[in-house]
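Have a look at this one before I ask anything.
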Amino acid sequence: MPAPALPPDFDTWSFEGGTAAARRDVAEAVRRALAAGRTLYEWAGAQPGRMTFVGRGEAYGVTLGTRPAVVRHARHGGFLAPLLGDRFAGRPRFYHEVALSRRLAGGGVRTPDVLAGVRYRAGPGHRADVATEQVSGADLVEVFFGERPPEGPARLAALEALGRLVRRLHDLGYVHPDLQLRNLLLTGAAGSGPQAWLLDVDTCRPMRGDRDAERARNLARFYRSWAKWNRLRGTRLTDVDRALFSVAYLADEP
C-alpha cells in the first residue's frame, strides 16, 4: 500500500535497509547520520552533549543541521507493548504524524513540527525513528511541581493558555488519548504571554460518536493526571486552578 503524500518541503529517499523522509532543511544531516551505518536513533544517542528525555523509552535532544530536534524510536504502548515492542506493520505512522501535526497547527494547536522519519525493514514489518522540533519550554509537571511554580497573573495566564489549547483540539474534532501533564508544554510560563504546546500528537484520533461525551472523557483523563501528581508531590494544582482552566476551556475565543 503506497504511503500518503508528504508536504512539498520534504525529501524522500531509499538506503540499504529502509527508506527515509526529512524536511529539506534537515535532510542532509539525516543522510549523513544514516551513512554512518547507524540508525538515526543510535546516531542521536551517541552524540556528545545530547539531552536525554524519559518517556516511552528514552528520546535524545540533538541538533539536526541547524535545528534543535528530539529523536525517538517508535514503540507500541498499552497492551500491544509486550506483544509487538517496536515492530509495526502497514504504513509508517510518521506520515500520519506529519499530516496531523500540520492540521492541528493550522487550527491553532501548537505542536512541535515533525522534521524526519526513517523506516527500517524488519521481516514482514518495520521499525522506525522519528525526529521532531525541540521546543524550549517545560511540561506541566516541571511548571507546577517544580521549585518555582508560577503565581498570581503568571499562573492565571498559564492556565488560560492551557484551557484554550485543549478547547481548540476538541473544536477541531480530535482527542488526545494520553492527555496528561507530561504531554502539555508551556513556553514563557515565568513571564507574560505563555504559550501552550501539545506533545505526542501521533496518538491523537478523531472523535467518534457523541462529541460531548468524547470531550468529557478526554478532560477526565487530564484531571486524573492532575490528581496523580498531586498525590505524588503534594497538592500544587488546586480546585481554584481547575476552575480557572475550566473557564478558559469553556470560553468562546474572540
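Which angle from 0 to 90°, rounded to the nearest 10, does the C-alpha axis of helix 152-171 make with the longest principal axis of the chain?
Its long axis makes an angle of about 60 degrees.
If you don't mind, there's one more thing I want to ask. Averaging sequence separations of C-alpha pairs under 8 Å and six or more residues apart, then dividing by the length of the chain, give the relative contact order as a whole percent.
16 percent
Another question about this same structure. What ratio of Cα Rg to 2.2 N^0.38 Å holds for segment 145-222?
Rounded to two decimals, the normalised Rg is 1.17.
Here's something else I'd like to know. Around Val175, which amide H atoms from residues at least 5 apart in sequence, or from another chain, sit under 5 Å from its own amide H, with H modelled in the peptide plane?
For Val175, whose amide H was placed from the backbone, the distant partners under 5 Å are Arg205, Met207.
Please report, in Å, the Rg and the Dmax of the chain, where both are computed over Cα atoms only.
Both quantities, over Cα of the chain: 19.0, 56 Å.
Also, quick follow-up: Restricting to Cα pairs below 8 Å that are 6+ residues apart, what does the relative contact order work out to for segment 10-133? Please round to a whole percent.
Averaging sequence separation for qualifying contacts and normalising by length gives 26 percent for segment 10-133.
Then there is this: Where does helix 211-233 land angle-wise versus the long Cα axis of the chain, in degrees 0 to 90, nearest 10?
Orientation of helix 211-233: about 80 degrees from the principal axis.
What number, rounded to the nearest 500 deg cm²/dmol, is the helix-based mean residue ellipticity at 222 nm of the chain, given -39500 (n - 2.57) per DSSP H run of at least four residues and division by all its residues?
The helix contribution divided over the chain gives -11500 deg cm²/dmol.
Mind computing the radius of gyration and Dmax over the alpha-carbon atoms of segment 10-133? Å is fine for both.
14.0, 40
Under a 5 Å amide H to amide H cut-off, with H placed in plane at 1.01 Å, what residues pair with Ala74 once short-range neighbours are removed?
For Ala74, whose amide H was placed from the backbone, the distant partners under 5 Å are Ala128, Asp129, Val130.
Compute the relative contact order of segment 138-250 as a whole-number percentage, counting only Cα pairs closer than 8 Å that sit 6 or more residues apart in sequence.
Worked out over segment 138-250, it gives 36 percent.
All of the numbers you see were taken from the coordinates with simple rules; none came from a lab. Note that the structure is predicted; figures quoted are calculated from it, not measured.
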